[in-house]
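Structure record follows, encoded as structure tokens.
The values are calculated or read from the model by the stated rules, or taken from the named source; none is laboratory data. Just so it is clear, the structure is predicted and the values come from calculations on it, not from any experiment. Methodologically, a virtual Cβ is constructed for each residue, glycine included, from the backbone with ideal geometry; neighbour enumeration extends over all protein chains shown. Protein only, heavy atoms only, side chains kept; ligands, DNA and RNA dropped before computing areas. Shrake-Rupley method; radii C 1.70, N 1.55, O 1.52, S 1.80 Å.
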Amino acid sequence: MTPKPIFDWQFAWHILPQLLSALTVTVEAVVFGMAMALVLGLAWALLRRSPRKLISRPISLVVEVIRSTPLLIQLYFLYFVLPEAGITLSPLATGIIGLGIHYSSYTAEVYRAGIEAVPRGQWEAAWALSLSPARTWRAVILPQAIPRVVPVLGNYFIAMFKDTPLLAAITVAELLKTAKIIGAAEFRYLEPLTLIGALFLVISLLASQVVGFLERRYGTSF
Amino acid sequence: MEPHSSLPSATRPTVTMRGVVKRYGKLEVLSGLDLDIACGEKLALIGPSGSGKSTLLRILMGLEDIDAGTIEAFGKPMWTATPNGAAAAPKPELARLRRRFGMVFQHFNLFPHMTVMRNLTEAPIHVLGMPEGEATQRARELLSGVGLADKADARPAQLSGGQKQRVAIARAVAMAPEVMLFDEVTSALDPEVVGEVLDVLRELARTSGMTMLLVTHEMGFAREFSDRVVFMDGGKVIESGPPEQVFEAPAEDRTREFLSRVL
């Protein structure tokens, strides 16, 4: 009798469709989570620069708290506390919000660095031309600040992708959760865990290529 | 020099500065400066570096606050004296006054992500509410005026230093300011392109009724360009007068000493 191979390729092939469908959940979480992080982070960055201390101080504090506490705790908080406040969302929606809020504290810092890299002379020229503060941001500062930081934002996109297994903790049927379900049902963990590891690896490497391209594209802007 | 007695504006200067004090920390950059600027005057500000010339321009543009003194522009207060130092006029009032000033910077400060055309039309469209067609038409005229009609679609990075500064001048003129402030506009340029920028300034001084304040280290040009030369040192106006007088027969020792060093 031939010994059973350590890695059962047939079993791996058999569970692949189920994992690929879980991958779409993961991708959905990252795409919407990142969209939220990009918008919210920009809002934080702008509000933190408000000349009104009554606005900038509390925002700085909030961002600091978000960045300095673990994502997993934030996810649990949203998942268990929001329903107590009468807000009931699907696990996936909760996960997207958690990822978005958590990563907004990083993107806020990235935007801040980009904004600070715009030379002071640009502000002064806009001022001398009487551009309004809103127009100065929209037409002069952000179009210079954001392209500079696109590659860094791309890296956070990859980091968020690799953080999605945490959503398993709040019952989102993403890659890890699905792999565990298969493992528990079939008493085989090697194949599902190896496969999702491989999926993470392939997608992260591809995404790194995209970020590298963005770096070359925007690194030499203007 | 003929006094401006025929001009109605002569009764009231465009800008009046009295006892203006500006400090950066412990360093006093302006120490009780008094200066009147008449409407349409072409004024050259000269003096050693650190004498406060650029600071003076930046204050008029609203880029710097002052610590004491009063400033009036177009008959309206910009800064008034209070027991605790100088107080700025309300923000909307300052914003209205700011529109009547324009500034050209030493390092151009063109918007690098916009075309030359867009640099010139951005403020007329979004501040003055000019229709885009009209703003574009006007920008084309201004660009031809500075000899850069063919550069409308270029990005600033594709231009030489002299071309950038000519665009920056056209951009400031596009807002039709009444007082134009030129802050060492040739200091960052290679010597061989200084001339093309000075030509533009000369033409502007000749053809426009704008009041012009020029901070410069080009003494020859200051003399040729200006109706009046103001010599500053130690944050004060030491002497001012027609260029022939200041350059040939300065009344003050410090002026003479400075000129002997730079001429």
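Can you tell me the length gained on complete extension of the stretch B:LEU263 to B:LEU128, counting 0.36 nm per residue apart and subtracting the Cα distance?
Answer, rounded to one decimal: 44.3 nm.
Please compute the average number of Cβ atoms from other chains found within 10 Å of each residue's Cβ in peptide B:111-122.
That average works out to 3.
May I have the extent of the alpha carbons of the stretch B:1-156 along their three principal axes, as whole Å values ordered from largest to smallest?
Extents along the principal axes: 52, 43, 34 Å.
Which whole-angstrom value gives the distance between the alpha carbon centres of the stretch A:84-99 and the stretch B:167-185?
A separation of 55 Å, based on Cα centres.
Counting only pairs 8 or more residues apart or on different chains, how many lysine pairs in the protein assembly as shown have their Cα atoms under 12 Å apart?
Close lysine pairs under the 12 Å cut-off: 4.
If I take the Cα coordinates of the stretch A:175-222 and project them onto the principal axes, what are the three extents in Å, biggest first?
57, 14, 6
Give, as ranges by residue number, the residues of the stretch B:151-172 whose backbone N falls under 20 Å from the point 7 Å along Cα→Cβ of B:ARG202.
B:161-170
Assuming a ≥ b ≥ c are the square roots of the Cα gyration tensor eigenvalues, decide whether the stretch A:78-222 counts as rounded (a/c under 1.5), prolate (otherwise, with a/b larger than b/c) or oblate.
Oblate.
Could you check the spin-label model distance between A:THR194 and A:LEU16? Points 7 Å from the Cα along Cα→Cβ, value in nm.
That separation, rounded to one decimal, is 1.4 nm.
Need one number: convex hull volume per residue for the stretch A:120-163, Cα atoms only, in Å³.
With only Cα atoms used, the stretch A:120-163 gives 73 Å³ per residue.
As a test of the definition: with a 1.4 Å probe, what buried accessible area, both sides summed, do you compute for B against A, in Å² to the nearest 100?
1800 Å²
Tell me the label-point distance for the pair A:ARG57, B:GLU252, using the 7 Å Cα-to-Cβ offset, in nm and rounded to one decimal.
That separation, rounded to one decimal, is 4.5 nm.
What is the calculated FRET efficiency for A:LEU201 to B:ALA157, with r their C-beta to C-beta distance and R₀ = 45 Å, to the nearest 0.05?
0.70
Using the Cα atoms as the points, what is the convex hull volume per residue of the protein assembly as shown in Å³?
Considering the Cα atoms of the protein assembly as shown, their hull volume per residue is 218 Å³.
Ignoring any ligand, DNA or RNA, what whole percent of the accessible area of chain A comes from carbon and sulfur when the probe is 1.4 angstrom?
70 percent
Radius of gyration and Dmax for the stretch B:91-188's Cα atoms, expressed in Å?
13.0, 40
Residues of the stretch A:40-75 with the amide nitrogen closer than 16 Å to a label point 7 Å from the Cα of A:ALA159, along Cα-to-Cβ, please.
Inside the label zone: A:40-42, A:45, A:63-72.
Would you mind working out the accessible area per residue for the stretch B:38-91, using a 1.4 Å probe, and quoting it in Å²?
37 Å²
So if I take the centroid of the Cα atoms in the stretch B:97-125 and the same for the stretch A:165-217, what is the distance between those two points in Å?
That distance is 50 Å.
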